[in-house]
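**Student:** Quick one: structure below, then a few questions.
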Amino acid sequence: MQKVLVTGGCGYIGSHTVVDLINNGFEVISIDNLSNSDEKPLEGIQKITGKQVLNYQVDLCDLEKTRAVFEKNPGIVGIIHFAALKSVEESVFQPLRYFHNNNESLINVLACAQEFGVPNVIFSSSCSVYGNASELPVTETTPFRRLECPYARTKQMGEKIIEDFTKVTPTVRAISLRYFNPAGAHESALIGESPRTKASNLVPVITETAIGKRASMTVFGSDYDTRDGSCVRDYIHVMDLAAAHTACLRYLMAGKNTGSSEIFNVGIGDGVTVLEAIHAFEKVTGQRLNYVIGPRRAGDVVAIYANRDKAERLLGWKPERGIEEIMRSAWAWQSAVGGG
Ligand code: NAD
Ligand code: WQD
């Protein structure tokens with residue numbers, strides 16, 4: 001079996017991607033220092049797939065310990081690098097921690113890919129690189145706008161580090177995937193998103209409110225220039241996002257890449273407003289959500305959604321689930337973990 005290294009395999013998107021990789025015949029190992037997770041998702045993965053995944057609890061900023069994992073696991077065919085700190089707000093107050101963790105871990109992963117002959121690398125980038133985009137939907141060539149957020153800058157820098165590195169390293173090719181708004185959970189409700197700190201993303205806020213973990217939630221702004229006044233985002237089901245990684249890996253392994261590094265948007269390709277998301281939740285769950293309309297949240301972009309044509313054309317990937325399936329699966333997961 002072909003072995004894939006997933007970094008951040010105990011995290012939200014990593015754990016779902018591990019399931020998709022195993023279901024597609026790959027053997028998976030993980031490196032995760034558990035700074036924002038625990039090993040519980042590995043139990044869920046085992047229940048879903050029947051396969052045990054080994055996690056090395058190693059900080060990827062520690063090059064020697066990272067090298068040791070590669071030494072123990074010769075013949076890795078690809079690395080999917082999820083591991084990163086991801087809080088936009090936290091990054092504003094702890095910029096050096098974000099630059100150190102996100103960029104140094106990536107540099108070490110690339111150095112190991114080169115040293116140990118791993119030919120394929122996939123990197124988690126983010127639609128946050130675009131800032132307040134000048135045109136909608138955004139394509140991979142839409143110019144970046146000024147960023148206020150160190151987190152998003154680590155992703156812009158990460159893409160550039162990969163571009164510069166692969167240009168002069170013919171043994172390694174790479175893809176950066178710009179995720180839009182990942183949400184939802186595996187249909188089994190055995191794995192899902194488990195925010196360690198208070199949830200701030202819309203979908204977990206909705207499910208935590210519905211289950212009674214919070215008394216009510218706030219819609220941040222109703223006076224934007226959008227169809228109902230609330231912000232527009234592109235919510236992509238985490239299992240569709242997982243499948244995009246497997247598609248990338250197959251594409252790279254088949255040598256279909258058109259350059260040493262490539263970039264793809266991974267979104268549904270359509271915008272959903274905050275109020276539409278809430279109504280979708282109410283429709284599929286039969287729950288009445290307790291929400292109030294509040295002021296705008298600082299730093300929010302008005303609207304962003306993807307043009308995903310490039311991924312469909314080159315990777316043959318397209319999403320299969322929409323906002324209702326996101327809400328149904330997120331609610332099943334929240335119901336399984338409870339409101340405690
Ligand atoms: P997550 O926090 O659930 O998973 C990341 C995992 O990486 C965690 O388990 C954490 O313990 C681990 N990790 C962090 N730093 C590490 C280090 N130095 N060494 C080893 N392990 C380390 O986050 P997620 O939502 O699964 O996101 C995965 C990736 O996708 C991240 O790179 C994130 O920036 C990116 N992304 C996420 C979103 C989103 O909304 N969730 C959107 C766009 C991009
Ligand atoms: C979505 C919409 C809020 C909570 C963030 C990061 C981005 C990427 C994805 C990592 C917005 C509204 C939210 C609430 C609300 N992550 N909202 N009430 O801000 O689009 O993107 O996650 O790369 O980098 O910035 O996602 O889920 O926080 O917000 O009204 O209680 O929901 O205003 O319009 P966001 P989000």
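**Student:** Spot the failing condition for H16; the list is (1) more than 16 Å from ligand 2 (Cβ to nearest atom); (2) under 20 Å from A247 (Cβ atoms), and only one is missed.
**Tutor:** Just one mismatch for H16, condition (1).
**Student:** What do you reckon, is T226 open to solvent by 10 Å² or more (accessible area, probe 1.4 Å), part of a loop (DSSP other than H, G, I, E, B) and within 16 Å of ligand 1 (Cβ to nearest atom)?
**Tutor:** The answer is no for T226.
**Student:** If I211 meets every condition in (1) within 24 Å of I278 (Cα to Cα); (2) at pLDDT below 95 apart from one, which number is that one?
**Tutor:** Failed condition: (2).
**Student:** Follow-up. So which residues in region 188-203 are open to solvent by 30 Å² or more (accessible area, probe 1.4 Å), more than 12 Å from ligand 2 (Cβ to nearest atom) and within 15 Å of the chain's Cα centre (by Cα), if there are any at all?
**Tutor:** Just the residues of region 188-203 that are open to solvent by 30 Å² or more (accessible area, probe 1.4 Å), to begin with: 188, 190, 193-198, 200-202.
Subset that is more than 12 Å from ligand 2 (Cβ to nearest atom): 188, 190, 194, 196-197.
The answer is S194, and nothing else.
**Student:** Take the residues in region 68-91 that are outside any helix (DSSP H, G or I) and over 22 Å from C248 (Cβ atoms); name whichever of them is nearest to ligand 1 (Cβ to nearest atom).
**Tutor:** L85
**Student:** Look through region 1-20, keep the residues that are within 11 Å of ligand 1 (Cβ to nearest atom) and among the polar types (S, T, N, Q), and return whichever of them is surrounded by the most Cβ atoms within 10 Å (Cβ to Cβ).
**Tutor:** In this case the residue turns out to be S15.
**Student:** From the list E27, E39, E89, which one is within 24 Å of A183 (Cα to Cα), free of Cβ contacts under 8 Å to residues at least 40 places away in the same chain and open to solvent by 30 Å² or more (accessible area, probe 1.4 Å)?
**Tutor:** Within the list E27, E39, E89, the selection yields E39.
**Student:** Next question, about the same structure. Taking strands (runs of 3 or more DSSP E) that do not extend beyond region 231-332, which have at least 2 residues that are within 15 Å of ligand 2 (Cβ to nearest atom) and surrounded by 19 or more Cβ atoms within 10 Å (Cβ to Cβ)?
**Tutor:** Working: elements: 235-237, 261-266, 291-294.
Of the strands (runs of 3 or more DSSP E) lying wholly inside region 231-332, those with at least 2 residues that are within 15 Å of ligand 2 (Cβ to nearest atom) and surrounded by 19 or more Cβ atoms within 10 Å (Cβ to Cβ) span 235-237, 261-266.
**Student:** Now a separate question. For residues that are β-branched (V, I, T) and open to solvent by less than 10 Å² (accessible area, probe 1.4 Å), scanning just region 168-187, find the one that is farthest from N307 (Cα to Cα).
**Tutor:** The extreme case among them is T169.
**Student:** Here is a further query. Name the pairs: first residue in region 126-147 and among the charged types (D, E, K, R), second residue surrounded by fewer than 12 Cβ atoms within 10 Å (Cβ to Cβ) and part of a loop (DSSP other than H, G, I, E, B), Cβ to Cβ under 8 Å, at least 6 apart or on different chains?
**Tutor:** Pairs that qualify, where the first residue is among the charged types (D, E, K, R) and the partner is surrounded by fewer than 12 Cβ atoms within 10 Å (Cβ to Cβ) and part of a loop (DSSP other than H, G, I, E, B), are R145/S134.
**Student:** Give the residue that is farthest from ligand 1 (Cβ to nearest atom), with candidates limited to residues of region 134-167 that are crowded, with 21+ Cβ neighbours inside 10 Å and over 15 Å from N102 (Cα atoms).
**Tutor:** For region 134-167, the residue satisfying everything is T166.
The values are calculated or read from the model by the stated rules, or taken from the named source; none is laboratory data. Here the structure is a predicted model, which is why all the values come from computation and not from measurement. Glycine gets a Cβ as well: all are built from the backbone with ideal geometry, and neighbour counts include every protein chain shown. Surface accessibility is based on the protein's heavy atoms, side chains included, excluding ligands, DNA and RNA. Shrake-Rupley method; radii C 1.70, N 1.55, O 1.52, S 1.80 Å.
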